[in-house]
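Below is one structure; the comments refer to it alone.
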Amino acid sequence: MQVRKTNLEGCLIIEPTVFWDQRGYFLESYNDKAFKLETGLDIEFIQDNESQSSEGVLRGLHFQRGINAQAKLVRVVKGSVLDVVVDIRPHSKTFGHHFSIELSEENKLQVFIPKGFAHGFLTLEDNTIFSYKCDNYYNKDSESGIIFNDIDLSINWKIGEKQLVVSERDLSLPGFKNIQL
């Protein structure tokens, strides 16, 4: 596995080693010992989540507040997404900055998202399967988010808003300046 830094401190791109032959491929999607050794992080993932979405579905930007904050390791099993991470740590030098990357079944890249970040993704293909590990259990009372089209964040989602499929809940999220941390 190779680990690369992003422009957001603590947010990492993980490139697993993929073994290809005439039958297809094999990879370790997660190896606790290797992850800890290569990243220097002592994370214990305790919950795995998976979603399936049609092309144009935008999920996010979500985060958990306080003691229920979650670090995540995200990847695409099938299809592709534009993955977006926003630093919401008030004392961070990259507070309010974001990072985006295409994750796909072809490139097999993963992103590690530390606690203190909002996360969202846009599916670029039908029947996209998105998988992620969390180091804390989901807590409905701690869920929050930021509206995807916040003017201060200026995230380029690469397609027009009229083409997006966004839940009513995500459409009612506050702007970046109004989030409750």
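Please go through (1) crowded, with 18+ Cβ neighbours inside 10 Å; (2) at pLDDT 95 or above for Ser51 and return the number of the only condition it doesn't satisfy.
For Ser51, the exception is condition (1).
Scan the stretch 96-107 and give yes if some residue there is of a type in the set (Phe, Trp, Tyr), more than 21 Å from Ser29 (Cβ to Cβ) and surrounded by fewer than 17 Cβ atoms within 10 Å (Cβ to Cβ), otherwise no.
Taking every residue of the stretch 96-107 in turn, none turns out to be of a type in the set (Phe, Trp, Tyr), more than 21 Å from Ser29 (Cβ to Cβ) and surrounded by fewer than 17 Cβ atoms within 10 Å (Cβ to Cβ).
Just to be sure, is Ile13 among the β-branched types (Val, Ile, Thr), in a loop (DSSP other than H, G, I, E, B) and either in contact with a His (Cβ under 6 Å, 6 or more places away or on another chain) or buried (at least 16 other Cβ atoms within 10 Å of the Cβ) (or both)?
Here the answer is no, as Ile13 does not meet what is asked.
Sort out for me the strands (runs of 3 or more DSSP E) sitting completely within the stretch 23-74 that have 1 or more residues that are without any contact (Cβ under 8 Å) to a residue 40 or more places away in the chain and hydroxyl-bearing (Ser, Thr, Tyr).
Because the criterion is at least 1 residues that are without any contact (Cβ under 8 Å) to a residue 40 or more places away in the chain and hydroxyl-bearing (Ser, Thr, Tyr), the strands (runs of 3 or more DSSP E) in the stretch 23-74 that meet it are 24-27.
Which one is surrounded by the most Cβ atoms within 10 Å (Cβ to Cβ) among residues in the stretch 135-174 that are charged (D, E, K, R) and more than 19 Å from Leu124 (Cα to Cα)?
Looking at residues that are charged (D, E, K, R) and more than 19 Å from Leu124 (Cα to Cα), I get Asp150.
Of all residues in the stretch 85-136, how many are outside any loop (DSSP other than H, G, I, E, B), among the aliphatic types (A, V, I, L, M) and in contact (Cβ under 8 Å) with a residue 40 or more places away in the chain?
Number satisfying all stated conditions: 8.
How many residues does the stretch 146-181 hold that are in contact (Cβ under 8 Å) with a residue 12 or more places away in the chain, on the phi > 0 side of the Ramachandran plot and small (Gly, Ala, Ser)?
Residues flagged as in contact (Cβ under 8 Å) with a residue 12 or more places away in the chain, on the phi > 0 side of the Ramachandran plot and small (Gly, Ala, Ser) within the stretch 146-181 amount to 0.
Among the candidates Arg59, Arg89, Arg75, single out the residue that is buried (at least 22 other Cβ atoms within 10 Å of the Cβ), charged (D, E, K, R) and modelled with pLDDT of 95 or more.
None of the others qualify; the one that does is Arg75.
Against the condition in a strand (DSSP E or B), surrounded by fewer than 21 Cβ atoms within 10 Å (Cβ to Cβ) and in contact with a Lys or Arg (Cβ under 8 Å, 6 or more places away or on another chain), how does Leu82 come out, does it pass?
yes
Look at the stretch 113-143 and say how many of its residues are farther than 28 Å from Lys162 by Cα and small (Gly, Ala, Ser).
2
Look at Gly116 and say whether it is closer than 25 Å to Asn139 by Cβ and either modelled with pLDDT under 95 or among the polar types (S, T, N, Q) (or both).
no
Are any residues in the stretch 62-72 crowded, with 21+ Cβ neighbours inside 10 Å and either farther than 21 Å from Lys140 by Cα or hydrophobic (A, V, I, L, M, F, W, C) (or both), and if so, which ones?
Phe63
The values are calculated or read from the model by the stated rules, or taken from the named source; none is laboratory data. None of these values were measured; they are calculated from a predicted model. All Cβ positions, even for glycine, are placed from backbone atoms using ideal geometry, and neighbour counts span all protein chains on display.
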